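What follows is a set of notes on a single structure, which appears directly below.
The values are calculated or read from the model by the stated rules, or taken from the named source; none is laboratory data. Remember, predicted model here, so these are calculated numbers, not experimental data. Cβ sites come from the backbone with ideal geometry, for glycine too, and all protein chains shown count toward neighbours.
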Protein chains: 4
Amino acid sequence: MAETRRGRGPSPQKTAETQARICEAALTRFLSEGFERTRMLDVARDAGLAKGTLYLYFPTKEALFEGVVTEMLGGAVERFDLEPPGEDEPTLDFVLRAMMPLVTDEQAELRQALFRLILSEGQRFPEVLVAYRKVALDPVLAAARRIGARARSRGEIQSDALERLPMLLLAPGVLVTMWNHLFPGEALEPSDLFRSYLGLLFDEADSDRRRGQQ
Amino acid sequence: MAETRRGRGPSPQKTAETQARICEAALTRFLSEGFERTRMLDVARDAGLAKGTLYLYFPTKEALFEGVVTEMLGGAVERFDLEPPGEDEPTLDFVLRAMMPLVTDEQAELRQALFRLILSEGQRFPEVLVAYRKVALDPVLAAARRIGARARSRGEIQSDALERLPMLLLAPGVLVTMWNHLFPGEALEPSDLFRSYLGLLFDEADSDRRRGQQ
Amino acid sequence: MAETRRGRGPSPQKTAETQARICEAALTRFLSEGFERTRMLDVARDAGLAKGTLYLYFPTKEALFEGVVTEMLGGAVERFDLEPPGEDEPTLDFVLRAMMPLVTDEQAELRQALFRLILSEGQRFPEVLVAYRKVALDPVLAAARRIGARARSRGEIQSDALERLPMLLLAPGVLVTMWNHLFPGEALEPSDLFRSYLGLLFDEADSDRRRGQQ
Amino acid sequence: MAETRRGRGPSPQKTAETQARICEAALTRFLSEGFERTRMLDVARDAGLAKGTLYLYFPTKEALFEGVVTEMLGGAVERFDLEPPGEDEPTLDFVLRAMMPLVTDEQAELRQALFRLILSEGQRFPEVLVAYRKVALDPVLAAARRIGARARSRGEIQSDALERLPMLLLAPGVLVTMWNHLFPGEALEPSDLFRSYLGLLFDEADSDRRRGQQ
DNA sequence: GATGAATGAGGTTTCATTCAT
DNA sequence: GATGAATGAAACCTCATTCAT
């Protein structure tokens, strides 16, 4: 609506596109090379820009990092909302349905890479860390806690561990992120790992799990 | 005693000391700053040496990294041998006794830092990665697999997940390493986390676990 | 005129000027100090630039050397084409007219310095050596060989030495290059040396030569 | 004689041997690498010594260079004495007999390498240059001048060039030194070159020269 | 005398950042 | 807005020289 501009001057649309190209290029570099080894020149080139232009959008490399990562967090990547389980749905089934996408959907790899990046560089960027915590982590932890409570109240597990330490539900996600990064040659299948993990928690027998997979 | 000297020249003993000082300084820097941000000059200074002296021991920064990290692996840090469980000892107890030290003993923090370091820089140092895998990881995975088999054969768990994916037993270790690095202000207690995790796997009730803790 | 600008950014003209300034500065340093003792910082300063700018034009000191020297060879310095002798022109006169400029013209000193440089550093820069051979040396040798053949066919000399070993005609050039470099205080006059040399070859009497000089 | 020493203290003999080993090692390095690229450590190692020991003999790298090169000049390498020609011996034959060894005897290569070294580094070491001039060059030039005078007085050549510019007689020596250094793959035979050169000067016909070679 | 660990000045090279066009 | 040449601080690494043993 208020987006109409008088003809002269820079087009806000083109600017937005450029910004997007920069972010994409920068994220890719940061993910694959880390912060220190990423060169501004490469980001600019990847984005199809001259070096100086990059500085019109981000005044320093640190700002580029913070901007790109937090924008990514603000974007669609990390939204997580738990729809309620069916009345009689076993919690195992519900978790598979609700949380598995976190490690299997099309953005799963990006999500994992982002996590590794924040793990590596987070100390230097406290604001990024806070944003990540708030936007990406806390909602998932809250969901995990509710799941733990539901499972215990239904007698599916005995322990209150998931309520006290909800991050335990994410442990296999962290594990697979690390493992597949370190040993891509013998990568684990995230869905298999996650399902097996839940099988352990809910003490499902082998035969059941395999049927379930089917 | 058997220290036969070739009469003249500097002492080989001092050399060993110097090497040790370098390694300690370098490891500390690498752990706290990462590879790129660690400067040779700082390592030298931390070790009480001039820049050039460092290069008498390690010809490049890469060599310093590889040398220090693999030496650390070869040292006492990562040794892991599983003593056999008692005849009737519950697997839960056995695991707590046998594996818990990995996350709680005095070297646990160093071990965790080393893991993070290899996670961050491993891609650039394939040999370090291979060494880590062989020395630190595989023995623990083999132990985890045996534990999983024993637990299933004794009917303590239903799933064969730990046999197929033994790294699942390490998941809370990975989790706590990452968590405490990212959020030192709300650090998790590794022993609590590990115990709770095992409680989930072996479906121990809350009261039991809490008694156990006592 | 045909200088179509892509509208924005720095001028390609200035770049060419800078390149020229670098080459001039570098060549001067290399000639007077040799490769090893030439410091990049000095080249940069001589060219009126900061250190880093030099690296925009040449990525290493080796590349600077190769670039500057081969460009020099490609330039006007070493071109040599033998115009044909007059029908009845004595070969002695012809050689004086045709080859003497190699040691007397305004570029003679540069040519000599370049030769000394390639002599000193050529082993480390095989490509420079090859280029020098092809561009500067072979054309002159071919001319020398033709001159030798002509002189013998006209009975001016008896020996076929110049045809088999045409570099002999260049011997005094090499000599004067070395001599004047080593003993600038008692420098030889290249034209005198060359003329005297030819006098020896063509067995001219003193009186004749002196008349010729006149 | 006066060399007898009281028993205690360092053996002057061993010292002399060590000095000789150092000189040999240093000269080899200087010849093959040049002054700048020669490292003291390598010289020491080549001489079978520790770095520090080298400094007991020569206090700096410059001193090592000067010492080694001038000692070499003082040694047997560059002595040159012209025995008188036979009464009726053609000057061509005499020169071949008297001067050819300069480019063909067993020390010829060393002599050539030394010349190249002094050519490259001489500017930085004026004393070396002076010594070389006095010890190696001037005697040969004086001989060349006498040879030129004899040849002219006997009518074998017309020109007085060799008397005025006696270094012309050495031109092929300089030439072959340079050529074989630059193009070892197509090295010239020094004796062939020198003989051919003299053939040109004394205007010997091809057939004669070839007979002479035989 | 001999050693080689230690030193640090000095050189090369990189790259985030600026700014005239 | 966009460009990329220019800058120079900062890092890596080398090697002549010293000196305690």
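Look at D:LEU141 and say whether it is under 11 Å from the mean Cα position of the chain (by Cα) and not assigned by TED's automatic domain parsing to the domain that holds D:THR38. No, not satisfied. When D:GLU17 is tested against (1) at pLDDT below 80; (2) more than 16 Å from DNA strand F (Cβ to nearest atom), only condition (1) is not met. Taking every residue in segment D:56-68 that is more than 15 Å from D:ARG29 (Cα to Cα) and pairing it with any residue that is within 8 Å of DNA strand F (Cβ to nearest atom), at least 6 positions away or on another chain, the pairs with Cβ-Cβ distances below 6 Å are D:PHE58/D:LEU64. Of the residues making up segment C:40-61, those that are surrounded by fewer than 20 Cβ atoms within 10 Å (Cβ to Cβ) and more than 10 Å from DNA strand E (Cβ to nearest atom) number 5.
Go through segment A:26-39 and give me each residue that's within 13 Å of DNA strand E (Cβ to nearest atom), assigned to a helix (DSSP H, G or I) and either without any contact (Cβ under 8 Å) to a residue 24 or more places away in the chain or farther than 18 Å from A:MET72 by Cα (or both). Scanning segment A:26-39 gives A:ARG29, A:GLU33, A:GLU36, A:ARG37. Pull up segment B:24-56, narrow it to residues that are within 26 Å of B:ARG111 (Cβ to Cβ) and among the charged types (D, E, K, R), then point me to the one that is farthest from DNA strand F (Cβ to nearest atom). Checked segment B:24-56; the qualifying residue farthest from DNA strand F (Cβ to nearest atom) is B:GLU24. Given the condition more than 24 Å from A:ALA187 (Cβ to Cβ) and hydroxyl-bearing (Ser, Thr, Tyr), answer yes or no: does some residue in segment B:139-154 qualify? Checking segment B:139-154: at least one residue is more than 24 Å from A:ALA187 (Cβ to Cβ) and hydroxyl-bearing (Ser, Thr, Tyr).
For the condition charged (D, E, K, R), within 23 Å of D:PHE183 (Cα to Cα) and not in a helix (DSSP H, G or I), what is the one hit in C:ARG79, C:ARG133, C:ARG116?
Numbers: C:ARG133 fails: not in a helix (DSSP H, G or I); C:ARG116 fails: not in a helix (DSSP H, G or I).
None of the other options fit; the residue is C:ARG79.
Is it the case that some residue within segment C:102-112 is more than 16 Å from DNA strand F (Cβ to nearest atom), within 14 Å of chain D (Cβ to nearest Cβ), modelled with pLDDT under 95 and on the phi < 0 side of the Ramachandran plot? Taking every residue of segment C:102-112 in turn, at least one turns out to be more than 16 Å from DNA strand F (Cβ to nearest atom), within 14 Å of chain D (Cβ to nearest Cβ), modelled with pLDDT under 95 and on the phi < 0 side of the Ramachandran plot. How many residues does segment D:95-118 hold that are basic (Lys, Arg) and under 8 Å from the mean Cα position of the chain (by Cα)? Here the count works out to 1.
Among the residues of segment D:150-161, write down those that are at the interface with chain C (Cβ under 7 Å from one of its Cβ atoms) and either hydroxyl-bearing (Ser, Thr, Tyr) or touching a Gly at 6+ places or on another chain (Cβ under 6 Å) (or both). Full working, then the answer.
Restricting attention to segment D:150-161, the residues satisfying the condition of being at the interface with chain C (Cβ under 7 Å from one of its Cβ atoms) are D:157-161.
Result: D:SER159, D:ALA161.
Here B:LEU64 meets the list (1) within 16 Å of DNA strand E (Cβ to nearest atom); (2) crowded, with 20+ Cβ neighbours inside 10 Å; (3) modelled with pLDDT under 95 almost entirely, failing just condition (3). Residues that are surrounded by fewer than 16 Cβ atoms within 10 Å (Cβ to Cβ) and touching a helix residue (DSSP H, G or I) at 6+ places or on another chain (Cβ under 7 Å) within segment C:144-155 comprise C:ALA149, C:ARG154, listed in sequence order.
Please pick out the residue among B:ALA171, B:ALA187 that is closer than 27 Å to A:SER191 by Cβ, touching a Phe, Trp or Tyr at 6+ places or on another chain (Cβ under 8 Å), free of Cβ contacts under 8 Å to residues at least 40 places away in the same chain and not aromatic (Phe, Trp, Tyr). Talk me through it step by step, then tell me what you get.
Working: B:ALA187 fails: closer than 27 Å to A:SER191 by Cβ.
That would be B:ALA171, the only listed residue that is closer than 27 Å to A:SER191 by Cβ, touching a Phe, Trp or Tyr at 6+ places or on another chain (Cβ under 8 Å), free of Cβ contacts under 8 Å to residues at least 40 places away in the same chain and not aromatic (Phe, Trp, Tyr).
As a summary of the residue check, C:ARG97 satisfies the conditions (1) over 20 Å from C:LEU169 (Cα atoms); (2) surrounded by fewer than 19 Cβ atoms within 10 Å (Cβ to Cβ) except for the one numbered (1). Can you name the residue in segment D:40-65 that is among the small types (Gly, Ala, Ser) and assigned to a helix (DSSP H, G or I) and is also farthest from C:GLN123 (Cα to Cα) among such residues? Restricting to residues being among the small types (Gly, Ala, Ser) and assigned to a helix (DSSP H, G or I), the top hit is D:GLY52.
One residue stands out among those in segment B:170-202 that are more than 9 Å from every other protein chain (Cβ to nearest Cβ) and over 26 Å from B:ASP138 (Cβ atoms): the one that is surrounded by the most Cβ atoms within 10 Å (Cβ to Cβ), which is B:GLU189.
Right, D:MET72: away from chain C (no Cβ under 14 Å) and within 30 Å of C:LEU117 (Cβ to Cβ) or not? Spell out how you get there, then give the answer.
Details: away from chain C (no Cβ under 14 Å): yes; within 30 Å of C:LEU117 (Cβ to Cβ): yes.
In short, yes.
For segment B:67-88, the set of residues classified as surrounded by 13 or more Cβ atoms within 10 Å (Cβ to Cβ) and charged (D, E, K, R) consists of B:GLU71, B:GLU78, listed by residue number.
crowded, with 19+ Cβ neighbours inside 10 Å, over 14 Å from the mean Cα position of the chain (by Cα), facing another protein chain (nearest Cβ under 7 Å) and at pLDDT 95 or above: is that true of D:MET167 in this structure? In short, yes.
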